[in-house]
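Enquirer: Below are the structure tokens for one structure; questions will follow.
The values are calculated or read from the model by the stated rules, or taken from the named source; none is laboratory data. Given the structure is predicted, the values throughout are model-derived calculations rather than measurements. Neighbour counts are summed over all protein chains in view; Cβ atoms, including those assigned to glycine, are modelled from backbone coordinates with ideal geometry. When the accessible area is computed, the model is the full protein with side chains, heavy atoms only, and any ligands, DNA or RNA have been set aside. Shrake-Rupley method; radii C 1.70, N 1.55, O 1.52, S 1.80 Å.
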Amino acid sequence: MPITFALNRTCAPHLPLADFITLAQTVGVHAVEIRNDIEGHEFANGMPVAALKARLEDAGLKLASVNALQRFNDWTPARADEARALIQYAAALGAPGVVLCPAHLPGDDQYPDAHARLCEGLRALQPMFADAGITGYVEPLGMRHSSMNCQAQAVAAVDAIDGWANFQMCYDTFQHYRASDDTLFPQHIGLVHISGIARPDLAPPQLTEPDRGFVFLGDRVGNIARLRAMVDAGYQGFVSMEPFSVEVQQDPKIAERLRASLDYVTSAARLP
């Protein structure tokens, strides 16, 4: 499919679902990412999957993903139960896949068997995704304590289990910027997250999620060049806006600012 913009629920986590849907329609976006970690909304408040699916279908919105299974490479019986429930929910919702995030608390980057842990989690998840008929989007995270902060680690693990029939990568421009990871594996990317950094006072490794806003001229992440490189390499799929800045999320003119950002990205990156 061609490039399709999506809104991650982080664009407006405080809004009721109806208002979030209206925001997506107002800015002309045709897909959304639903999250399982926003208290009081959708998955987290126990909304039946049939009800959520109907609301999105009535609004003409596609699903880009359900986001996310955390600590997939810290495999436990409880993680298996969580994964099974989330994957079944995503499949019933009609989502193409579930985002998979690595362990990233202090000490998680000290695993002596980091590759083996990645393989263990992916190997356990593989039949779950196969049975559900959806994809696991493996997302490297670039923060200091991440146990998988670069794309090469994700590719090596999926290669090791011969898992590309069930997994793709989620390429997050901010994560790779702060990890100084400029390698690109476009043939393995199935989902893209974008967000912009405007503040000039911190080095990339010092940046955190609340620094992430919309993408405009002057963005330090290099979203435009990264998107252009992916499109030139053949990427076709969802490009999801994923800010975490509270100021951006609660901007009373959020629809106007978001529409302007999407227009800027489309024009500057010469997206089809």
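Enquirer: Averaged per residue, what accessible area in Å² does the range 118-272 show with a 1.4 Å probe, protein chains only?
Expert: Accessible area per residue, the range 118-272: 41 Å².
Enquirer: For the chain, max minus min Cα coordinate along each principal axis, in Å, sorted largest first?
Expert: 46, 43, 34
Enquirer: So who's got an amide H within less than 5 Å of the one on Arg35, skipping anything under 5 residues away but keeping other chains? H placed 1.01 Å off N, in plane.
Expert: Answer set, sorted by chain and number: Arg9, Asn67.
Enquirer: Let me ask another. Let me spell out the model: positive unit charges on the Cβ of Lys and Arg, negative unit charges on the Cβ of Asp and Glu, origin at the Cα centre of the range 81-208. What dipole size does that give, in debye rounded to 20?
Expert: Dipole of the range 81-208, to the nearest 20 debye: 200 debye.
Enquirer: With charges set only on the Cβ (+1 for Lys and Arg, -1 for Asp and Glu), what does the dipole of the chain come to about its Cα centre, in debye to the nearest 20?
Expert: Charge dipole of the chain: 440 debye, to the nearest 20.
Enquirer: Need one number for the range 6-82: average projected area of the convex hull over its C-alpha atoms, nm².
Expert: In nm², the orientation-averaged hull projection of the range 6-82 is 5.3.
Enquirer: So who's got an amide H within less than 5 Å of the one on Phe238, skipping anything under 5 residues away but keeping other chains? H placed 1.01 Å off N, in plane.
Expert: Here Thr4, Val192 satisfy the definition.
Enquirer: Could you tell me the distance between the Cα centroids of the range 213-241 and the range 65-126, to the nearest Å?
Expert: About 26 Å separates the Cα centre of the range 213-241 from the one of the range 65-126.
Enquirer: Could you work out how much longer the chain between Asp263 and Trp164 gets when fully extended? Use 0.36 nm per residue separation minus the Cα distance between them, nm to one decimal.
Expert: That pair, Asp263 and Trp164, stretches by 32.3 nm at full extension.
Enquirer: What is the gain in length, in nm to one decimal, between Asp232 and Gln206 on full extension, counting 0.36 nm per residue of separation less the C-alpha to C-alpha distance?
Expert: Going from the current span to full extension adds 6.3 nm.
Enquirer: Measuring from label point to label point, each 7 Å out along Cα→Cβ, what is the Met47 to Asp74 span in nm?
Expert: In this crude spin-label approximation the distance works out to 2.8 nm.
Enquirer: Given the Cα atoms of the range 71-226, and with Rh set as the inverse mean 1/r over their pairs in the Kirkwood sense, what is Rg to Rh to two decimals?
Expert: 0.98
Enquirer: Right, something else. Could you list the chymotrypsin sites (Phe, Trp or Tyr not before Pro) in the range 92-191 that lie in coil according to DSSP, counting only those with at most 16 other Cβ atoms within 10 Å of their Cβ?
Expert: Taking the range 92-191 and a limit of 16 other Cβ atoms within 10 Å, the loop chymotrypsin sites (Phe, Trp or Tyr not before Pro) found are Trp164.
Enquirer: Can you give the helix-only mean residue ellipticity at 222 nm for the chain, where every DSSP H stretch with n ≥ 4 adds -39500 (n - 2.57) and the sum goes over all residues, rounded to the nearest 500 deg cm²/dmol?
Expert: -11500 deg cm²/dmol
Enquirer: Return the FRET efficiency for the residue pair His115, Ala59: r is the Cβ-Cβ distance, R0 is 45 Å, and the value is rounded to the nearest 0.05.
Expert: 0.60
Enquirer: When the Kirkwood hydrodynamic radius is evaluated over all pairs of different C-alpha atoms of the range 188-272, what value in angstrom, to one decimal, is obtained?
Expert: Kirkwood radius, the range 188-272: 13.5 Å.
Enquirer: Compare the Cα positions of Ala95, Phe72, Thr22 along the charge dipole of the chain (+1 at Cβ of Lys, Arg; -1 at Cβ of Asp, Glu; about the Cα centre) and return the one farthest towards the positive end.
Expert: Farthest towards the positive pole: Thr22.
Enquirer: Quantify, in whole percent, the carbon and sulfur part of the accessible surface of the range 144-203 (1.4 Å probe; protein heavy atoms only).
Expert: Reported share for carbon and sulfur atoms: 48 percent.
Enquirer: Quick one: what do you get for the range 40-157 if you divide its Cα Rg by 2.2 N^0.38 Å?
Expert: Against the compact-globule rule of thumb, the ratio is 1.12.
Enquirer: So for the chain: antiparallel DSSP bridges make up what percent, rounded to the nearest 5?
Expert: 5
Enquirer: Additional query: Remind me, relative contact order of the chain in percent, using alpha carbon pairs under 8 angstrom and six or more residues apart?
Expert: Normalised by residue count, the contact order of the chain is 19 percent.
Enquirer: Here's another thing I want to ask about it. Under a Cβ-only charge scheme (Lys and Arg +1, Asp and Glu -1), can you give me the dipole magnitude of the range 5-134 about the Cα centre, in debye to the nearest 20?
Expert: The dipole magnitude comes to about 260 debye.
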